[in-house]
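Trainee: Would you mind keeping the following structure in view while I ask a few things?
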């Protein structure tokens, strides 16, 4: 579902990513880890078609990202630090806007279903700028899966969430895995990654240095690698 070959991203003389290659199969849940500045967000942005690699090739859901961007966008859902929500629109208006953009059928029913799922039905008419960080992130998840994508790219989705929102998001991820949705998640929390993920990718200074099943990794060694800059 996701394949990168020799992905390199340069900003002047700085290599944010350096010759990164990997494959992710359909239905896999993969955790992407690395210290701050390791290149995780840059990689997610390239996979989502929000940035272009300087060298190398990327395909998502069978489409070359640089040649079939529209097909890639229809195949993925993205949740990042930025919710991509409009603060002066209500929860329902945000979902209606994105639903129309994606051509979602039976949109009103789909919006009802998702607002109920992320426990925001009672706030459907409230402006998003009045929401807590956790509520905004839950609505961002509803936005990301509105068009029922086959792939989810989650870039540090737990950042700033309260306990309840974290529990909900964890439950959602478990459900995606059962539904055979392919999930690539960037995260700093080692225990969550080692317990939940089927594979772990670890970036260090823009290079992919670990690609392994978590049960084959030593927690202390992973922690040591994450602390190296």
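Trainee: Describe numerically, in nm with one decimal, the distance between label points set 7 Å from Cα along Cα→Cβ at residue 5 and at residue 174.
Mentor: The two pseudo-label positions are separated by 3.9 nm.
Trainee: If the elastic network links every pair of Cα atoms under 10 Å, which of 11, 29, 158 fluctuates the most in the Gaussian network model of the chain?
Mentor: Judging by the Gaussian network model, the answer is 11.
Trainee: State the Cα centre-to-centre distance between the range 147-184 and the range 80-143 in whole Å.
Mentor: 15 Å
Trainee: Given 0.36 nm per residue, what is the gain on full extension from residue 112 to residue 71 after removing their alpha carbon distance, in nm?
Mentor: Contour length minus Cα-Cα distance gives 12.2 nm.
Trainee: Return the distance in nm (one decimal) between the two label points of a simple spin-label model at residue 36 and residue 220, each offset 7 Å from Cα along Cα→Cβ.
Mentor: 2.7 nm
Trainee: Still on this structure, please answer the following. Helix-derived [θ] at 222 nm for the chain: sum -39500 (n - 2.57) over DSSP H runs of at least 4, divide by residue count, nearest 500?
Mentor: After summing the helix terms and dividing by residue count, I get -11000 deg cm²/dmol.
Trainee: Quote to one decimal, in nm, the extra length available between residue 57 and residue 159 on full extension: 0.36 nm per residue of separation minus the C-alpha distance between them.
Mentor: 33.7 nm
Trainee: What whole-number value in cubic angstrom gives the convex hull volume per residue for the C-alpha atoms of the chain?
Mentor: So the per-residue hull volume is 122 Å³.
A short reminder: the numbers here are calculations on the coordinates, not readings from a lab. All values reported here derive from a predicted model rather than from experimental measurement. All Cβ positions, glycine included, derive from the backbone under ideal geometry; neighbour counts span all protein chains shown.
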